Amino acid sequence: MRWSTYNVEIPLTEKLKMIYNPFTGGEVIVEDSGGDLDADTAEVLAEAGLVVDGDEEAEYSRVRESIFADSTMGHATLLLTTACNFRCVYCFQEGERPRYMDDFTAEATACFLVNRVKERGLEGLRLVFYGGEPLMNLRALRIIARYCRHGLNGRFEAGVITNGYYLTPEVIRELWDLGVQWVKVTIDGVPPFHEKMRPARHGRPTFERLFSNMVKAGEKLRVILAANYTAETVEGVYRLVDYVAARGGQQFIDKFFARPVFGKLLCDSGADIYSYAHSDIEELFRVNMHAAKRGFPIKDFFHLGPCNFYDASSLAVDPVGNVYPCEGLVHFPEFKAGNVSRSVDETALVDVKKVERFRPCRRCPYLPACGGGCAVSALVARGSHEKVMCEKTFFERAGVRFLKERALSEITQQKEVAI
């Protein structure tokens with residue numbers, strides 16, 4: 001047996017180190033003695049997938065198969081409208097002609113998705129309703145959710161990515177009745193930071209309304225709180241965390257994640273960030289850990305991917321029913337695979353997903369947690385979705401640090417219990 005190619009060694013103290021494997025999720029803390037391993041330790045390492053049989057290519061093949069593995073659940077991101085009542089400064093849809101999914105397209109979308117689940121022998125369907133602001137087309141959401149729930153005998157899950165403005169008690173109850181389990185609301189800091197980043201078209205402040213709606217949503221639905229920031233507005237996100245924590249947000253926020261605005265991808269937001277590795281990683285780590293210390297569950301720094309891009313069971317549908325491999329590609333007509341009301345070329349849809357774009361990364365220990373980075377970012381920044389968008393620097397500086405701090409905290413707690 002040999003050490004796995006995908007092990008990450010993390011020094012903890014002068015005598016201890018952690019070995020973590022992003023592929024298996026296995027981790028152990030061992031003495032950093034440099035000597036041979038005893039039989040018991042070797043057995044533990046094997047069980048955790050830290051030592052493996054076979055050569056590097058055989059192990060890479062297993063990782064490759066895992067990245068390309070299709071989910072047993074269908075997944076679709078549905079852009080119900082490109083219209084929005086906000087005009088966020090970083091929005092790539094600003095300036096587009098508002099389009100709404102009509103009743104005919106909503107019914108055709110639902111029928112297409114239900115039939116696809118049945119034809120592919122999938123266990124069920126997960127939907128993400130997106131926009132624009134999806135709650136500005138609640139009618140289409142109703143049609144699709146009801147049809148899918150009935151057509152799949154309840155084997156259906158759904159969430160809504162919303163700015164939160166229309167998330168009233170009446171809408172929350174209806175979403176719950178339709179089978180929606182979660183909502184993701186974005187608030188980019190306390191006032192005036194939020195109002196600067198995400199101004200409403202009517203020109204009036206929205207922070208208090210969004211926060212109130214989010215609290216009410218938490219009574220029935222899981223709530224994910226997201227925050228975007230720039231170097232000039234990140235202070236507002238720290239203050240947002242404190243504001244929500246002081247009002248008991250730990251009781252209704254299911255997860256929190258703050259991230260920098262990615263610019264010059266589909267718009268010119270004044271930033272030149274294409275990936276997490278291109279961002280101020282120290283700030284990204286610090287602001288999310290601030291939330292963790294205030295009691296909020298945060299996104300795992302070691303699992304940015306692989307995302308649904310590689311999953312043949314996953315797709316996106318735009319407001320007129322055009323089908324794309326993922327939601328990030330709906331603004332690139334060359335990736336359109338058909339239309340739900342006519343026909344969809346499944347081969348064209350899947351072939352885009354099954355390109356082995358990450359082969360140059362086959363010896364990188366972070367490949368299982370990354371999958372070659374975002375294909376859409378690679379398309380814009382490097383000219384092709386088949387190229388790598390490397391996140392290695394992010395994992396080295398944020399992922400490793402996250403695991404190290406967690407391990408040291410656990411070691412300290414164990415010592416305190418022993419005392």
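The values are calculated or read from the model by the stated rules, or taken from the named source; none is laboratory data. Keep in mind that this is a model prediction, so the values were computed, not measured. So basically every Cβ, Gly included, is an ideal-geometry build from the backbone, and we count neighbours across all protein chains shown.
Against the numbered list (1) surrounded by 19 or more Cβ atoms within 10 Å (Cβ to Cβ); (2) in the same structural domain as residue 132 (by TED's automatic domain parsing); (3) closer than 30 Å to residue 64 by Cα; (4) not β-branched (Val, Ile, Thr), residue 255 comes up short only at (1).
Taken over segment 206-225, the criterion of being without any contact (Cβ under 8 Å) to a residue 40 or more places away in the chain and either of a type in the set (Gly, Ala, Ser) or in contact with a Pro (Cβ under 6 Å, 6 or more places away or on another chain) (or both) is satisfied by 207, 212, 218. Flag: residue 173 does not match the condition of being modelled with pLDDT of 95 or more, basic (Lys, Arg) and either outside the structural domain of residue 97 (by TED's automatic domain parsing) or crowded, with 17+ Cβ neighbours inside 10 Å (or both). The single condition from (1) without any contact (Cβ under 8 Å) to a residue 40 or more places away in the chain; (2) more than 19 Å from residue 304 (Cα to Cα); (3) out of contact with any His (no Cβ under 9 Å at 6 or more places or on another chain) that residue 344 fails is (1).
For segment 174-189, the set of residues classified as free of Cβ contacts under 8 Å to residues at least 40 places away in the same chain and in contact with a helix residue (DSSP H, G or I) (Cβ under 6 Å, 6 or more places away or on another chain) consists of 178, 179, listed by residue number. Could you list, in sequence order, all residues of segment 190-199 that are buried (at least 18 other Cβ atoms within 10 Å of the Cβ), in contact (Cβ under 8 Å) with a residue 40 or more places away in the chain and not in a loop (DSSP other than H, G, I, E, B)? Once the filter is applied, which keeps residues that are buried (at least 18 other Cβ atoms within 10 Å of the Cβ), in contact (Cβ under 8 Å) with a residue 40 or more places away in the chain and not in a loop (DSSP other than H, G, I, E, B), segment 190-199 yields 193, 194, 197.
Within the bounds of segment 189-203, is there any residue that is touching a Gly at 6+ places or on another chain (Cβ under 6 Å) and not hydrophobic (A, V, I, L, M, F, W, C)?
Yes, segment 189-203 contains at least one residue that is touching a Gly at 6+ places or on another chain (Cβ under 6 Å) and not hydrophobic (A, V, I, L, M, F, W, C).
The C-beta contact set for segment 109-121 (first residue in a helix (DSSP H, G or I), second residue crowded, with 19+ Cβ neighbours inside 10 Å and among the acidic types (Asp, Glu), distance under 6 angstrom, 6+ apart or interchain) is empty.
Residue-by-condition table, conditions (1) outside the structural domain of residue 261 (by TED's automatic domain parsing); (2) over 23 Å from the mean Cα position of the chain (by Cα); (3) at negative phi:
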position	(1), (2), (3)
60	yes, yes, yes
86	no, no, yes
91	no, no, yes
100	no, yes, yes
105	no, yes, yes
109	no, yes, yes
118	no, yes, yes
121	no, yes, no
138	no, yes, yes
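Taking segment 1-79 and the strands (runs of 3 or more DSSP E) fully enclosed by it, the elements with 3 or more residues that are closer than 30 Å to residue 352 by Cα are at 73-79.
Quick grid of which residues meet (1) buried (at least 19 other Cβ atoms within 10 Å of the Cβ); (2) within 22 Å of the chain's Cα centre (by Cα); (3) not basic (Lys, Arg):
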position: 298; (1), (2), (3): no, yes, yes
position: 301; (1), (2), (3): yes, yes, yes
position: 314; (1), (2), (3): yes, yes, yes
position: 323; (1), (2), (3): yes, yes, yes
position: 346; (1), (2), (3): no, no, yes
position: 349; (1), (2), (3): yes, yes, yes
position: 365; (1), (2), (3): yes, yes, yes
